[in-house]
Amino acid sequence: MNNPEDLKLVTLATSTLTRSGAQQAAALRDNTGRTYVAINVASPELTLDACEAVLTVALASGITGIESVVYAGTESARIQVIKAFDTSASIFYFSPEGQTHAL
């Protein structure tokens, strides 16, 4: 990860994770440079991982493309929702050990 804008997404995702106490947090930058954050939702009525939640928030704002997504916390099995929306989106996982993995 060499893009300074992606490093900002790491900061957004990790600070949201810490502040919220959630299992996962994700930060998304759209193709206009706007950023969005979300956490996972786990209730009997609704379950979203952080990637699904951040995409939902971004879609509500009318995004047309995704540049990059960083998620932190427990690993997500649902990154395919990001790739289904924009196949060119970069996706990174920031592990609890502090390592960034491109997906």
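The values are calculated or read from the model by the stated rules, or taken from the named source; none is laboratory data. No experiment lies behind these values; they were computed from the predicted model shown. Here Cβ is always computed from backbone atoms with ideal geometry, including for glycine, and neighbour counts include all displayed protein chains.
Below, the figures for the structure above:
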{"read-out": "Exclusive hit being surrounded by fewer than 16 Cβ atoms within 10 Å (Cβ to Cβ) and out of contact with any Lys or Arg (no Cβ under 7 Å at 6 or more places or on another chain), set Asn40, Asn31", "value": "Asn31"}
{"read-out": "Close pairs from region 19-39: first within 15 Å of Glu52 (Cα to Cα) and assigned to a loop (DSSP other than H, G, I, E, B), partner β-branched (Val, Ile, Thr) and modelled with pLDDT of 95 or more, Cβ under 6 Å, at least 6 apart", "value": "Ala22/Ile39"}
{"read-out": "Options Glu67, Glu97; residue that is of a type in the set (D, E, K, R), touching a Lys or Arg at 6+ places or on another chain (Cβ under 6 Å) and within 22 Å of Pro4 (Cα to Cα)", "value": "Glu67"}
{"read-out": "Flag for Arg34 being modelled with pLDDT under 95 and of a type outside the set (S, T, N, Q)", "value": "no"}
{"read-out": "Hey, Val54 touching a residue at least 60 places away in the same chain (Cβ under 8 Å) and either closer than 18 Å to Met1 by Cα or crowded, with 20+ Cβ neighbours inside 10 Å (or both) or not", "value": "no"}
{"read-out": "Qualifying residue in region 69-91 (condition: polar (S, T, N, Q), in contact with a strand residue (DSSP E or B) (Cβ under 6 Å, 6 or more places away or on another chain), in contact (Cβ under 8 Å) with a residue 40 or more places away in the chain and surrounded by 17 or more Cβ atoms within 10 Å (Cβ to Cβ))", "value": "yes"}
